[in-house]
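The values are calculated or read from the model by the stated rules, or taken from the named source; none is laboratory data. Worth saying up front: this structure is predicted, and the values here are computed from it rather than measured. We place every Cβ from the backbone using ideal geometry, glycine too, and count neighbours over all the protein chains shown.
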Amino acid sequence: MASKGSGSAARPGLFFVAIVLVVGLIGGVFGTGFSGVVLHQTSDTEFCVSCHVYEDFAERFKTTSHWNNARGVRAGCGDCHIPEHSWWTMIREKAYMGTKDVWQYFIGGIDTPAEFRQHRERLRKTATDWFVANDSITCRSCHAVEAMKLEAQGPGGRGAHQVLGTPNAPTCVACHGGIAHPDPESDGGDGDTTAARDGPPDAS
Ligand code: HEC
Ligand code: HEC
Ligand code: HEC
Ligand code: HEC
């Protein structure tokens with residue numbers, strides 16, 4: 001009697017749990033696929049440059065060797081600015097940077113070249129700080145130090161790169177600042193700005 005009562009109470013309970021599990025499983029599968037699509041789409045260079053238009057910022061980037069080169073291997077905005085080495089870091093960066101960007105865009109707003117000029121130094125510092133704090137992790141997703149054939153590099157790189165892999169080695173952007181965003185004031189826009197901005201720190 002008591003068992004019949006608890007049984008009828010338990011059966012709808014189990015049924016409900018089963019429904020939740022099945023729905024959850026299907027939702028999870030679709031959800032993962034869907035969020036994969038969304039994450040990929042939002043990493044899209046075109047998405048980024050829909051906002052980052054000021055002062056031909058994107059056009060100048062597209063003159064650099066990371067956009068067009070002999071091998072046809074391309075780095076888009078997200079390849080450098082969104083770490084994909086881990087789901088968690090990526091989602092965290094997305095959530096943080098995405099929210100901040102959209103918020104600033106609609107509330108703060110950088111919508112004229114003059115405003116961009118006014119903010120650029122600060123933004124460049126924020127971006128550089130990110131690369132330094134993360135040891136240029138996104139650069140390393142394409143340029144693996146252990147895969148670098150130093151003897152095949154030009155004398156500048158071969159010399160400077162000896163320090164890579166040693167403790168306290170400077171990070172990539174310390175020497176390669178401006179690699180993707182030539183400084184409008186200081187170069188002819190050929191895109192090869194390696195070490196032009198700061199110069200390699202004690203690379204002897
Ligand atoms: C909705 C407009 C918008 C979109 C889309 C957008 N950004 Fe931004 N982004 C901004 C604004 C506005 C700022 C300036 C934020 C500030 O003033 O701190 C900014 C700042 C930045 C900075 C400077 C450093 C920092 O973190 O503040 C980087 C790097 C950046 N965005 C990269 C990207 C990349 C990569 C994408 C594409 C995945 C992207 N943005 C998409 C509007 C946008
Ligand atoms: C998506 C892959 C990818 C990412 C991410 C990437 N690179 Fe590159 N990089 C390349 C390719 C491909 C070339 C070769 C271009 C060529 O053949 O001229 C290159 C060329 C270079 C060069 C030499 C050419 C030049 O213009 O001086 C430097 C220096 C360099 N990358 C540094 C960096 C740094 C620093 C980062 C991170 C801020 C980075 N790369 C991120 C793919 C990448
Ligand atoms: C101590 C300064 C320094 C550091 C740190 C540094 N580089 Fe370089 N790198 C140079 C110099 C100098 C050159 C040669 C000048 C040039 O290519 O414009 C060079 C050249 C390169 C080249 C072109 C090589 C060739 O001959 O084709 C690539 C690619 C590159 N660096 C990637 C990186 C990456 C990725 C990192 C971080 C893992 C890094 N560098 C760290 C100074 C540095
Ligand atoms: C090869 C790697 C690389 C690619 C590709 C790249 N960036 Fe950057 N970006 C950097 C680095 C490194 C910095 C830090 C400042 C510097 O060294 O120029 C930076 C800085 C920035 C800043 C701060 C403002 C400034 O002038 O420095 C913004 C905004 C930005 N990037 C947006 C973008 C957008 C949008 C794209 C695609 C159109 C893009 N980046 C493509 C490496 C990259």
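Taking residue 63 as the residue in question, decide whether it is surrounded by 10 or more Cβ atoms within 10 Å (Cβ to Cβ), more than 9 Å from ligand 4 (Cβ to nearest atom) and modelled with pLDDT of 85 or more.
Yes.
List, please: which pairs have Cβ atoms under 6 Å, are six or more places apart or on different chains, and start with a residue in the range 135-158 that is closer than 15 Å to residue 84 by Cβ and end with one that is more than 7 Å from ligand 3 (Cβ to nearest atom) and part of a helix (DSSP H, G or I)?
What qualifies is 136/173; 138/80.
Pull out all pairs, ordered by first then second residue, where Cβ-Cβ is under 7 Å, the residues are six or more apart or on different chains, the first lies in the range 160-177 and is over 15 Å from residue 140 (Cα atoms), and the second is within 9 Å of ligand 2 (Cβ to nearest atom).
Pairs that qualify, where the first residue is over 15 Å from residue 140 (Cα atoms) and the partner is within 9 Å of ligand 2 (Cβ to nearest atom), are 160/175.
Take the range 52-81 and flag every residue that is in a loop (DSSP other than H, G, I, E, B) and under 21 Å from residue 119 (Cα atoms).
52, 53
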